[in-house]
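The values are calculated or read from the model by the stated rules, or taken from the named source; none is laboratory data. Just so we're clear, the structure is a prediction, and the values are computed from it rather than from any experiment. In this analysis, Cβ positions are derived from the backbone assuming ideal geometry, glycine residues included, and neighbour counts consider all displayed protein chains. Ligands, DNA and RNA are stripped out before the accessible areas are found, and what is left, the full protein with its side chains, is counted by its heavy atoms. Shrake-Rupley method; radii C 1.70, N 1.55, O 1.52, S 1.80 Å.
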Amino acid sequence: MLDQQATARTAAPRDAAAAASTATPLLAVEDLHVQFDTSRGVVHAVDGISYTVNRGEVVAIVGESGCGKSVSSLAIMGLLAKPAGKVTKGRVLFEGRDLLKLSADDMRAIRGREIAMIFQEPMTSLNPVLSVGEQIKEPLFIHLKMTEQEAQARALELLQLVGITDGARRLEQFPHQLSGGMRQRVMIAIGLACNPKLIIADEPTTALDVTIQAQILELMKDLSRRLNIALIIITHNLGVVARYADRVNVMYAAHVIENGTADDIFLRPLHPYTIGLMRSVPRLDLPRGIKLETIEGLPPDLRSPPLGCRFAPRCPYRLDACIQADTMLRDIAPGHGTACIRADEIVAGTLVQALPPAKPVATAAAKEAAAEPILKVEGMRKYFTVPLSGSGVFSSKIATVKAVDDVSFTIAPGETLGLVGESGCGKTTVGRTVLKLEEPTDGTITYTGVDITHRNAKQMRELRRGIQVIFQDPYSSLNPRMTVGQIIGEPLRVYKLVKDKKEEEERVAGLLRQVGLFDYMAERYPHQLSGGQRQRVGIARALALEPRFIVCDEPVSALDVSIQGQIINLLEDLQERLNLSYLFIAHDLAVVRHISDRVAVMYLGRIAEVADRDDLYADPKHPYTKALLDAAPIPDPRVERARAPRALKGEIPSPLNPPSGCVFHTRCPIADEHCRREIPQVRQIGPRHIVACHKA
Amino acid sequence: MTAITSSAPTAPTSAARPRGVIRDFINQQPLGALSFVVILSMTIAGIFSEWVSPYDPLHIDFAAILQPPSWEHWAGTDAYGRDIFSRIIYGARTALVISLTSSFLGSTIGAILGIASAYFGGWIDDWIQRFMDILLAFPIIVLALVVVAALKTAVLFGIDINLIVAVAIPIIPRVCRVVRAAALTIRVMPYVDAARAAGYSDSRIIFRHMAPNVVAPYLIMFTAFMAQAILLEASLSFLGLGVTEPTPAWGLMLSGNAADFYREAPWMILFPGLAISLAVFAFNLFGDSLRDYLDPRFKV
């Protein structure tokens, strides 16, 4: 361990950290073990991890959910849930002092003062009943004993630092009056308040939209540089890491399995898990392959982890020796360590095959040949009315939210239309209205030539068989009181597609196998399955009625990276075999690019651009599409460093009060007076490319 | 897909292991388990009154009027020389039958109305809820008195139907509100949307998909209102509008000539009063423990 750290220090990353690298590191985690006593056994959540953070350096900890990345940072801060969680072994040296040995009072003096923490959920990590000002000033009073005037001045300075204009007014406001991105800026301001030496950010941008995420990350990196604050970013998103991290630690099943500079990890990965992880995410910067490579299986149960290498059960390159393997990190190159015993073969290039060159895929044009679209939406509008705050019993003020405003598109049989946009753009409402879970305010929806716009539930019943849905959250989309078999079998029974119990069981077993599950799982309850398995059950339920068209509402965004790839491949497989059409709603541009034939981009309830996939990604016409593509992180440090700083400023306006003219003009870099006045009509600019922009 | 078999069931409410559930409950809610023992013994006394009670509760013995507690009469005798302990045991039967049926009736109707109200929303929700508001505007006892006074006496299998209805009606709006709130959160769950997208009928969605998920609040309200119902039945009987003499009932034992003799024979009111308190206490405690036990947020 020790000489590994020594080499990590001498093998300095190029930039800011280089100067500090000869001194002792700011933070050194040594052989940290954390365990949780639960009623179901002892969970070894962190099992002997070590890493260092130098002054002013950005260190990323990457891993999937449950790998111990958050727990290790909570342990550093002494914030483990008591009494279940405890550190059983190891040291956390902060400027030479072991944080684990400090008294509660001493530790309190360090938290917020020396080490600050930023949490994932800006919606819930601010106290809703205290004003923003009070929350920013609180650490100043406690740690720096400032007077009210000093604290006020410092708070204004901090808001300016995190890019919030109009600070005096903002300090008076309460969290619910701010947008998500704004709240995360406030969280960062609180973290910065006492000039800490280290900030730990736990998934700081996961809850934010892609354009806001880019702003926040840019801000954090910039602040870290300017104020020489070390930053630990905990994330599952490889793209985020590529642009902003100096060094990266990859965690898997409570171990650090690889560490190194960002270039090492992304360009010369030395662990099959890292390699697999990078290949299983769809990427914007590479040609689209036919299939994603996936990591099969699930992470191990941390109550009884496997011996030796923990990745071995899922590893395509495992040997018998892996089961006895030492799981310590070994340095292969200076500063680049891996726990894989076959790393030398990986270095030599004899073990892992290079990615085969992507083959061209049949484009949408071919599928369009079929005459009649399966779904045709014309001029669809969906308005919601909401009571305005301040309206009482005697005055009911009502505001209209134009969730979907004049949206038209078609989907051909066997085609996938991707629908992308940031949260609140109305993409989910489009999906729900097409499913007739919401009644459209205006426009027509035609399914296989039949106008279903005004059909009631009874008249819809027969058509329902052909239109199905897969939801985002596999945890809440399955009834917790029903077994998997009942969930999948129910539509068969309701539509009388099976004669008896036996036939139903056979069909359920068949459907389970079709989505890559096992027959015996029919008896399980949803909570006994993993997230990916649940999503497969959701897909099986949708397939039970043999639909022709499926609305997929963010079907992979709640899943871990390595599971995402499995589900995307399954959806593609099924499409090919059953000639399904998908409306694929997502916010992840790379995922949409991978699975879609055509892509529609939405902004504030309106369609901004629709085009064939390759046209849209290669040659986006709408400035919003350009901004989205620009903001999407790419897991390659070379590409990321070469990219221009993000252009798109500001927040998404409220749909309660959308801007006049082009709804995008408030954030558009090329908007002019004309855009502010006139709503751009959707125009055809290529054979299969339409855009709603005056300038395109 | 290799590590699947290792995933053990994680929810302790899993219905597959009843013995584990009981052990869990005793470990986590010892007071609740104790109250359950009280309820259980009360139930046994009610069901097997004929065998458990030492005397016939209706037997009048003028040789033993107003006797204090003794070895012959554990809880003494009343103004007619009837054994109070036996009357308490038989009273448990009356109390249980009336509170069980009325609490079940009230909670179930309330729950169905609550789920329907949440599921349909709009004007149906408005009408149901405004009607519930009207019922809630009356104090429980007043509402029950009105119902008893308005209904004709009807006896079925020796049970006063109008008394059961009178006790059940005030329960309906209270359960309805709680269940509606729970159902509203389930209404927006994706699995309900999934059921709607599959074209299932409304009644199927309500009974198959929503009702099982509000069972926890329903059970809790049901046990809590058992206590209320016992109290209400006793109050009505005490006021002379409930169970009539000579049927043994706890509330009834507190009224009538008990009021004339309580100075000379305090045991006449002490023991029935204790029985009422203990039963109400036990049901309330059990309801509370059940709530804590079923609420996953109380779990470590």
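Using θ = phi - 60° and the Karplus curve 6.51 cos²θ - 1.76 cosθ + 1.60, what whole-Hz ³J(HN,Hα) does each residue of region B:242-251 get, with Gly and Pro shown as x?
Values per residue, Gly and Pro as x: x, 5, 10, 4, x, 3, x, 8, 4, x Hz.
Given the pairs A:382/A:626; A:427/A:496; A:221/A:382, which are separated by over 29 angstrom at their Cα positions?
A:427/A:496; A:221/A:382
Between residue B:142 and residue A:577, what is the spin-label point distance in nm, taking each point 7 Å from the Cα along the Cα→C-beta axis?
Label-label distance for residue B:142 and residue A:577, simple model: 6.7 nm.
In debye, nearest 20, what is the charge dipole magnitude of chain A about its Cα centre with +1 on Lys and Arg Cβ and -1 on Asp and Glu Cβ, if you could check?
Using Cβ point charges on Lys, Arg, Asp and Glu, chain A gives about 780 debye.
Let's test the formula: R0 of 41 Å, r as the Cβ-Cβ distance of residue A:351 and residue A:42. What FRET efficiency results, to the nearest 0.05?
0.70
Mean Kyte-Doolittle of at least 0.0 plus a Cα span of 24 Å or more along the axis: flag which DSSP H helices in chain A meet both, please.
Helices meeting the span and hydropathy rule in chain A are A:210-227, A:561-578.
Two-decimal Rg/Rh of region A:589-688 from alpha-carbon positions, Kirkwood Rh?
The Rg/Rh ratio comes out at 0.98.
Can you give the helix-only mean residue ellipticity at 222 nm for chain B, where every DSSP H stretch with n ≥ 4 adds -39500 (n - 2.57) and the sum goes over all residues, rounded to the nearest 500 deg cm²/dmol?
Helices in chain B give a 222 nm mean residue ellipticity of -21500 deg cm²/dmol.
Could you name the lysines in cross-link range of residue A:291, using Cα to Cα under 24 Å and dropping any fewer than eight places away on the same chain?
Here the lysines satisfying the reach criterion relative to residue A:291 are A:359, A:367.
Could you tell me how far the Cα centroid of region A:578-650 sits from the Cα centroid of region B:104-127, in Å?
46 Å
Roughly how many Å² is the accessible area per residue of region B:93-245, as a whole number, for a 1.4 Å probe?
I get 43 Å² per residue for this part.
Could you pull out every one of the lysines with an alpha carbon less than 22 Å from that of residue A:82, ignoring same-chain neighbours closer than 8 positions?
Cross-link targets: A:69, A:101, B:299.
Positive end of the charge dipole of region A:446-526 (Lys, Arg +1 and Asp, Glu -1 on Cβ, about the Cα centre): tell me which of A:468, A:516, A:480 has its Cα farthest that way.
Of A:468, A:516, A:480, it is A:468.
Tally up the carbon and sulfur contribution to the accessible surface of region A:262-338 as a whole percent, 1.4 Å probe, everything protein left in place.
Here it works out to 57 percent.
Quick one: which residues, 5 or more positions from residue A:608 or on another chain, have an amide H under 5 Å from its amide H? H modelled 1.01 Å from N in the peptide plane, none for Pro or chain starts.
Here the answer is A:601, A:602, A:603, since their amide H atoms fall under 5 Å of that of residue A:608.
Give me the net charge of residue A:624's neighbourhood, meaning all other residues with Cβ under 11 Å from the Cβ of residue A:624; Lys, Arg count +1, Asp, Glu -1.
Within the 11 Å Cβ shell, the charges total +1.
Which far-off residues, 5 or more places away or on another chain, put their amide H under 5 Å from the one on residue A:38, with H placed in the peptide plane?
A:43
With Cβ to Cβ distances under 9 Å as the rule, what net charge do the other residues near residue A:137 carry (K, R +1; D, E -1)?
Around residue A:137, the surrounding residues sum to -2.
Considering only protein heavy atoms, what per residue accessible area in square angstrom results for chain A with a 1.4 angstrom probe?
41 Å²
With helices defined as uninterrupted DSSP H runs, which ones in chain B have an alpha carbon span along their own long axis of at least 24 Å and mean Kyte-Doolittle hydropathy of at least -1.0?
What comes out of the filter, once short or polar helices are dropped, is B:30-47, B:84-120, B:161-187, B:215-238, B:267-294.
If one takes the accessible area of chain B alone plus chain A alone and subtracts that of the pair, with a 1.4 Å probe, what total in Å², rounded to the nearest 100, results?
Using a 1.4 Å probe, the pair buries roughly 3100 Å².
Which of the aspartates and glutamates could be linked to residue A:501 by a straight reach, that is with a Cα gap under 17 Å, when you skip same-chain ones fewer than 8 residues away?
A:490, A:519, A:523
At q = 0.08 Å⁻¹, what is the base-10 log of I(q)/I(0) for the protein assembly as shown according to the Debye formula with one equal point scatterer per Cα and no solvent? Please give it to two decimals.
Those come out to -0.94, one per q.
Restricting to DSSP H runs of at least four residues, report the calculated mean residue ellipticity at 222 nm for chain A, -39500 (n - 2.57) per run over all residues, nearest 500 deg cm²/dmol.
Rounded to the nearest 500, the figure is -9500 deg cm²/dmol.
Would you mind counting up the charge near residue B:179? Only other residues with Cβ under 15 Å from its Cβ, with Lys and Arg at +1 and Asp and Glu at -1.
Summing Lys/Arg as +1 and Asp/Glu as -1 gives +4.
Please figure out what share of the DSSP beta bridges in the protein assembly as shown is antiparallel and state it in percent, rounded to the nearest 5.
Roughly 65 percent of the DSSP beta bridges within the protein assembly as shown come out antiparallel.
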